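First the structure, in the form of C-alpha cells, and then the observations on it.
The values are calculated or read from the model by the stated rules, or taken from the named source; none is laboratory data. Here the structure is a predicted model, which means the values were calculated and not measured. With ideal geometry, Cβ positions are generated from the backbone for all residues, glycine too; neighbour counts draw on all protein chains shown. For accessibility, only protein heavy atoms count, side chains too; no ligands or nucleic acids. Shrake-Rupley method; radii C 1.70, N 1.55, O 1.52, S 1.80 Å.
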Amino acid sequence: MNNVLLHRITEKGNIRYYSIEIIATLFEEYMVERVYGNVRFKSCTGRKNNVFPSFNEAQFFFEKLKKQKMKKGYA
C-alpha cells in the first residue's frame, strides 16, 4: 500500500524517525500504522494504529500526518 519513512536531526544531534504505513486488514478495513523513535535505541518509542472503513479515509489521514510531520522538520 503506502509507506513513508521520515527522519530529522534534533538540536542535540539525535536522529528521530517516524514511519507511516497503510495496511489492508482481513476484515476489508484499512489500518494506518505509525512507528516512531530514536535510532540510538533498539526498540521503537511508540506505535499507534488507526482503523478506517475505506481506503480513501485512510489515505486522507495518511497525507494529513505526513504533512504535519514535514512541518515539524521531518524529511
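For segment 47-60, indicate whether the set of residues that are touching an Asp or Glu at 6+ places or on another chain (Cβ under 6 Å), within 18 Å of residue 3 (Cβ to Cβ) and in a strand (DSSP E or B) is non-empty. For segment 47-60, residues touching an Asp or Glu at 6+ places or on another chain (Cβ under 6 Å), within 18 Å of residue 3 (Cβ to Cβ) and in a strand (DSSP E or B): present. Tell me, which strands (runs of 3 or more DSSP E) lie completely within segment 1-44 with 1 or more residues that are more than 21 Å from residue 73 (Cα to Cα) and of a type in the set (A, V, I, L, M)? Result: 15-24, 30-38.
Among the residues of segment 31-75, count how many are over 10 Å from the mean Cα position of the chain (by Cα) and of a type in the set (Lys, Arg). Here the count works out to 6.
Here's the yes/no breakdown for (1) touching a residue at least 12 places away in the same chain (Cβ under 8 Å); (2) in contact with a helix residue (DSSP H, G or I) (Cβ under 8 Å, 6 or more places away or on another chain); (3) surrounded by 13 or more Cβ atoms within 10 Å (Cβ to Cβ); (4) closer than 17 Å to residue 71 by Cα:
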position: 2; (1), (2), (3), (4): yes, yes, yes, no
position: 12; (1), (2), (3), (4): no, no, no, no
position: 16; (1), (2), (3), (4): yes, no, yes, yes
position: 20; (1), (2), (3), (4): yes, yes, yes, yes
position: 25; (1), (2), (3), (4): yes, no, no, no
position: 32; (1), (2), (3), (4): yes, yes, yes, no
position: 37; (1), (2), (3), (4): yes, no, yes, no
position: 44; (1), (2), (3), (4): no, no, yes, no
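Restricting attention to segment 56-65, the residues that are open to solvent by 70 Å² or more (accessible area, probe 1.4 Å) and among the hydrophobic types (A, V, I, L, M, F, W, C) total 1.
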